[in-house]
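Engineer: Sending over a structure as C-alpha cells; questions will come in a sec.
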Amino acid sequence: MSETHPRIVDFTNKDINSQDGLYLLDFWAAWCGPCIQMNPVLLKLVSEETHPKLADLKIGKINVDADTERSAEFNVRSIPSFFLIRVSGGKHTNLLHIAGSMSYEKLKEEILKHI
C-alpha cells in the first residue's frame with residue numbers, strides 16, 4: 001500500500017467496526033497486477049470533491065496475504081475485491097460487493113447507486 005491520503009486507511013488485521021462511517025474495503029495483494037492498477041483509481045475516488053455523497057467515503061485497504069481471517073470473513077474469492085460498507089454503532093452493513101479492475105467512472109457509478 002503506497003498511497004498516502006488521510007482517507008485511505010490500512011485495515012489489515014485491524015477492527016473495521018471501530019469507527020463509524022462509509023468505507024470501500026479494498027482486498028488486495030502486492031503481487032496482484034490489477035490490484036496495483038486500481039491504486040490511482042482509488043486515490044482519485046477519495047480525492048473527489050465534486051460529489052457530496054463521496055465527501056465522507058474512506059478506503060480501507062486489506063492485504064489478503066497478511067489478513068487471511070478477514071478475507072475469509074468477507075468470502076473473498078478473487079482480487080481485487082471491493083466491499084462498500086457502512087459502519088455504525090460497532091457493526092457494519094454490506095452495501096455492495098464488486099470484483100476486478102475497473103475504470104474510475106465505473107467504480108464511482110456503482111458506489112453512487114448504493115449510497
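The values are calculated or read from the model by the stated rules, or taken from the named source; none is laboratory data. Remember, predicted model here, so these are calculated numbers, not experimental data. Glycine gets a Cβ as well: all are built from the backbone with ideal geometry, and neighbour counts include every protein chain shown.
Engineer: Which residue pairs have Cβ atoms under 7 Å apart, sit 6 or more places apart or on different chains, and have a first residue in region 12-31 that is in contact (Cβ under 8 Å) with a residue 12 or more places away in the chain and a second that is assigned to a loop (DSSP other than H, G, I, E, B) and small (Gly, Ala, Ser)?
Structural biologist: THR12/ALA66; ASN13/ALA66; ASN17/GLY90
Engineer: Turning to a different aspect of this structure: Among the listed residues LYS53, LYS44, which satisfies the condition of being assigned to a helix (DSSP H, G or I) and under 15 Å from ILE115 (Cα atoms)?
Structural biologist: So the residue among LYS53, LYS44 that is assigned to a helix (DSSP H, G or I) and under 15 Å from ILE115 (Cα atoms) is LYS53.
Engineer: For residues that are in contact with a His (Cβ under 8 Å, 6 or more places away or on another chain) and outside any strand (DSSP E or B), scanning just region 75-112, find the one that is surrounded by the most Cβ atoms within 10 Å (Cβ to Cβ).
Structural biologist: LYS108
Engineer: Quick check on ASP65: is it farther than 21 Å from LYS108 by Cβ, within 13 Å of the chain's Cα centre (by Cα), surrounded by fewer than 20 Cβ atoms within 10 Å (Cβ to Cβ) and not hydrophobic (A, V, I, L, M, F, W, C)? Walk me through how you get there before you give the answer.
Structural biologist: Numbers: farther than 21 Å from LYS108 by Cβ: yes; within 13 Å of the chain's Cα centre (by Cα): no; surrounded by fewer than 20 Cβ atoms within 10 Å (Cβ to Cβ): yes; not hydrophobic (A, V, I, L, M, F, W, C): yes.
The answer is no for ASP65.
Engineer: Just a yes or no: is a residue in region 64-78 acidic (Asp, Glu), in contact (Cβ under 8 Å) with a residue 40 or more places away in the chain and over 25 Å from ASP15 (Cα atoms)?
Structural biologist: The answer is no, given that none of the residues of region 64-78 is acidic (Asp, Glu), in contact (Cβ under 8 Å) with a residue 40 or more places away in the chain and over 25 Å from ASP15 (Cα atoms).
Engineer: Moving to a separate point now. Name the one entry in LEU45, LEU54, LEU25 that is closer than 18 Å to LEU95 by Cα, of a type outside the set (Val, Ile, Thr) and touching a strand residue (DSSP E or B) at 6+ places or on another chain (Cβ under 6 Å).
Structural biologist: Result of the check over LEU45, LEU54, LEU25: LEU25.
Engineer: What residue, among those in region 1-48 that are surrounded by 13 or more Cβ atoms within 10 Å (Cβ to Cβ) and small (Gly, Ala, Ser), is modelled with the highest pLDDT?
Structural biologist: Selected residue: ALA29.
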